[in-house]
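The values are calculated or read from the model by the stated rules, or taken from the named source; none is laboratory data. Computed from a predicted structure; not experimentally measured. Cβ placement follows ideal geometry from the backbone for every residue including glycine, while neighbour counts extend to all protein chains displayed. Please note that ligands, DNA and RNA were not included when accessible areas were found on the heavy atoms of the full protein model with its side chains. Shrake-Rupley method; radii C 1.70, N 1.55, O 1.52, S 1.80 Å.
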Amino acid sequence: NANPTAGSLRAAIKAANNAGGPYLIRFAIPGSCPRAIVLAAPMLDIVGDVTIDGRTQPGWSANSDYGQFDATLCLFINGTGSTPYAFRVPASAVNARLSVHGFIFAGFSDAAIRIERGANHRISGNQFGAVAFTASNHDAVRITGNAGSAFIGGYDDPGSVNLIAGTADAGVYLDNVAGGSTVVNNIIGFQPDGIFAGTNPVGIFVFNSPNNQLA
């Protein structure tokens, strides 16, 4: 769609890609939490330095505990089981940097977030899966191809924890040849209460990707 609706997420990503520098996408969708963004086709690829911040949607509140996930996330992106990914950095985007915070993702047939190039990506404070009556994500996050480092989770802030549950394959899939990613302080394989199972066949899968830190 070369002419997306003004004010839409697609229009914001188009503007971000053309910005030539760091760009922050914020939200103010009318109505109470949660608000659903249903994708009938993939979103535009991310090729710039783009932060997509669901925490800016009114009503959001952060997770408060490392052992459970009690955040109020107000933006739910649904792939309905047929859309391959919500956000992708393509293999051609050498200088891309993607940061994604404060979303719920379900129903993506490849990976909810797929990163193939760029470096210093940041994914925090999101919920992948564990959404009733929705299709599973195949993978939650995949760092692949010639992508550089990614930071998934957070050290000193429980609000940075990602909940990663109920995938059809891996929760986090690392097979980027550069390696160097950090996956820390995430809740993997549990429901939001941190007690009952929200299992992934594989929690974290690493192949031909060196120098990663898992904690």
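Structure values in brief
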| read-out | value |
| --- | --- |
| Residue among Asn78, Asn137, Asn162, Asn126 that is buried (at least 19 other Cβ atoms within 10 Å of the Cβ), touching a helix residue (DSSP H, G or I) at 6+ places or on another chain (Cβ under 9 Å) and at pLDDT 95 or above | Asn126 |
| Yes/no for Gly203 being small (Gly, Ala, Ser) and part of a loop (DSSP other than H, G, I, E, B) | no |
| Check on Ile113, free of Cβ contacts under 8 Å to residues at least 60 places away in the same chain, of a type in the set (Val, Ile, Thr) and within 22 Å of Val184 (Cβ to Cβ) | yes |
| Residue list for region 165-194, filter: open to solvent by 30 Å² or more (accessible area, probe 1.4 Å) and either among the small types (Gly, Ala, Ser) or without any contact (Cβ under 8 Å) to a residue 12 or more places away in the chain (or both) | Ala168, Ala178, Gly180 |
| Single unsatisfied condition, Gly148 versus (1) surrounded by fewer than 24 Cβ atoms within 10 Å (Cβ to Cβ); (2) under 15 Å from the mean Cα position of the chain (by Cα) | (2) |
| Output for region 195-205, where each listed residue is touching an Asp or Glu at 6+ places or on another chain (Cβ under 8 Å) and either surrounded by 19 or more Cβ atoms within 10 Å (Cβ to Cβ) or among the small types (Gly, Ala, Ser) (or both) | Asn200 |
| Close pairs (9 angstrom Cβ cut-off, 6 or more residues apart or separate chains): without any contact (Cβ under 8 Å) to a residue 60 or more places away in the chain and on the phi > 0 side of the Ramachandran plot in region 126-147, open to solvent by 40 Å² or more (accessible area, probe 1.4 Å) and not charged (D, E, K, R) anywhere | Gly145/Ala91; Gly145/Val177 |
| Residue in region 170-177 that is among the small types (Gly, Ala, Ser) and touching a Ser or Thr at 6+ places or on another chain (Cβ under 9 Å) present | no |
| Count - residues of region 83-115 that are open to solvent by less than 10 Å² (accessible area, probe 1.4 Å), closer than 16 Å to Tyr173 by Cα and in contact with a Ser or Thr (Cβ under 8 Å, 6 or more places away or on another chain) | 2 |
| Verdict on Asn63 being in a loop (DSSP other than H, G, I, E, B) and not charged (D, E, K, R) | yes |
| In region 33-75, the residues that are more than 22 Å from Gly159 (Cα to Cα), small (Gly, Ala, Ser) and modelled with pLDDT of 95 or more | Gly48 |
